[in-house]
Amino acid sequence: MASILIVDDDAAMRDALSEAACDLGYDVNLAASGAEAISLLDAQTIDAVLLDLRMPGMDGIEVLKRIRSLRDPPPVTVLTAHATAANTIEAMRLGAFDHLTKPIGREEVSRVLAGMCVAKVAPDALRQEPEAGRLIGSSEAMRAVEKAIGMLADSHATVFISGETGTGKELVARAIHEHGHRSGKPFVPVNCAAIPTELLESELFGHVRGAFTGAVADRKGAFREAEHGTLFLDEIGDMDMAMQAKILRALQERVVTPVGGKPLPVDVRVIAATHRDLKQRVRDGSFREDLFYRLHVVPIHLPALRKRAADVVPLAEYFLARTGGAKQLAPEAAARLTGHAWPGNVRELKNAMERAAVLVRGDVVNSVDLDFIDETPLATDRAIDWPDEDLPSATARLEEMLIRRALARSAGNRTEAARLLGIHRQLLYTKMRRYGFDASEDRTQGVGETDVPADRTE
């Protein structure tokens, strides 16, 4: 019988998880704090850990670090009531088996415990949390991307990012760089489609003085500028065949040859991206098969915005906030944004919010203020891939989002938030406890910050 440790300062959550694990046939141990968990791990053999993220004293990230530093650490799944890109990536980077958002159903408990009990997780080097990137979205698709970033950030493997134009491929590349051990070194992006073919070789590999007309001084080139850091080759699918051969050699041998110069070794991690279908290009002979497999070591696919409707409103609110104003989305405006197909993806949504911030005079963006959005690709259930979740889960996600927005608009005043939501204050308190809000949270604190404080259910 596998031995499970459940670490959570909320007695009700501990009991619920314990009951589910016992019913599944596991030997359950309980800890109400990080310190108690570490002591228990020192005293007996534990096969898997369910670990709450936010606890008083030693929080879940610190407990995870302590566990991962053990000689034979058990796999750990981190639980939180409010997942962010930062805490998801950090947990996965530190070696968490998974990172789940509460509430957690019995089937999910069964899946993750079964997976952990057969996993063999090796300790990683531990470092302090890097500055969080600005990845916005809580959809399952984006959570999968965030987990992938955390797991591969510290590796040297070449990463291949695919996705439609405007989905945020460079943002993901930067997040990989910023969360990894190369974060203190350069991140050098190169748009291969924006540079003329005759100049691309010099741009990437550099040149020596006098190598060609106009070469009045030595140039290092992007590979050497990114030394010990990360080189991001965007739109690599548009590169011609001759340059592909030179890129292949640089990746294989970790050597670059400046135009007119001698070969030089480089230490650089390469992340490539394209909106093209490279497999099709390989089939039609316009992209080298050997280069494709050299790049396609760790693939990450960014889904189109129409495939992650749950992220539209959080992204829109983020872009509105970045304009420096205090404008808010009216519910009907949020519904209209969610129903649009967004053929231009996140970039189109960003532009729409910047336009609304300039054109709307009041503090609220209404549906009529969004009439400039192109309605040609009208969104229907066939145009949008709605989240694959049951109705109660989807309803809970929407309800939590509306409560957070009401609290933000009321600057944390619960009476005013209840009025905005059209519910009694006591019902608001009940729902806040359900979704992991801190009942002792400062009434003046907004809830739109990077990591929303949560109560003992987080």
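Between TYR429 and ALA330, the FRET efficiency from the beta-carbon distance, with R0 = 30 Å, is close to 0.75. Summarising the label geometry, the points placed 7 Å from Cα in the beta-carbon direction at LEU171 and ASP15 lie 4.2 nm from one another. Of the peptides 305-318, 236-249, the order by per-residue mean of other Cβ atoms within 10 Å, starting with the highest, comes out as 305-318, 236-249. Using the Cβ-Cβ distance between GLU354 and THR45 with R0 set to 60 Å, the FRET efficiency from 1/(1 + (r/R0)^6) comes to roughly 0.60. Annotation: lysines with alpha-carbon distance below 26 angstrom to LYS65 (same-chain offsets under eight excluded): LYS102, LYS120, LYS147, LYS185. Work out the charge dipole of the chain with +1 on the Cβ of Lys and Arg and -1 on the Cβ of Asp and Glu about the Cα centre, then indicate which of SER202, LEU420, GLY436 is farthest towards its positive end. Value: SER202. Taking 21 Å as the limit for the C-alpha separation, the pairs LYS327/LYS431; LYS307/LYS327; LYS169/LYS220; LYS169/LYS307; LYS169/LYS246; LYS169/LYS327 exceed it in the case of LYS327/LYS431; LYS307/LYS327; LYS169/LYS220; LYS169/LYS246; LYS169/LYS327. Working note: 222 nm ellipticity from helices only, DSSP H runs with n ≥ 4, each -39,500 (n - 2.57), summed and divided by the residues of the chain, gives -12000 deg cm²/dmol to the nearest 500. Simple spin-label estimate for VAL364 and HIS301 gives 4.1 nm between the two label positions (7 Å along the Cα-to-Cβ direction from each Cα).
Between the helical axis of 34-43 and the longest alpha-carbon principal axis of the chain there is an angle of about 80 degrees. For the chain, the per residue solvent-accessible surface stands at 47 Å², with DNA, RNA and ligands left out and a 1.4 Å probe. With the full set of protein chains in place, find how many percent of the accessible area of the chain is carbon and sulfur; take the probe as 1.4 Å. For the chain, the apolar C and S fraction of the accessible surface comes to 51 percent.
Most tightly packed first, judged by the mean number of other beta-carbon atoms within 10 Å of their residues, the peptides 202-215, 158-171 read 158-171, 202-215.
As I understand it, the value is the acute angle between the Cα axis of helix 345-359 and the longest principal axis of the Cα atoms of the chain; what does it come to in degrees, rounded to 10? Helix 345-359 sits roughly 70 degrees off the main axis of the chain.
What is the antiparallel percent of DSSP beta bridges lying wholly in the chain, to the nearest 5? Roughly 10 percent of the beta bridges in the chain run antiparallel, per DSSP.
Projected label points at ALA321 and GLU107, each 7 Å from Cα along the beta carbon direction, are separated by 3.3 nanometres. Take the Cα of MET243, go 7 Å toward its beta carbon, and the backbone nitrogen atoms of the stretch 198-234 under 11 Å from that spot belong to 198-205, 234.
The values are calculated or read from the model by the stated rules, or taken from the named source; none is laboratory data. Predicted, not measured: the structure shown is a model, and the values here were computed from it. Cβ atoms come from the backbone with ideal geometry, glycine included; neighbour counts cover every protein chain shown. Heavy atoms of the whole protein, side chains included, go into the accessibility calculation; ligands, DNA and RNA do not. Shrake-Rupley method; radii C 1.70, N 1.55, O 1.52, S 1.80 Å.
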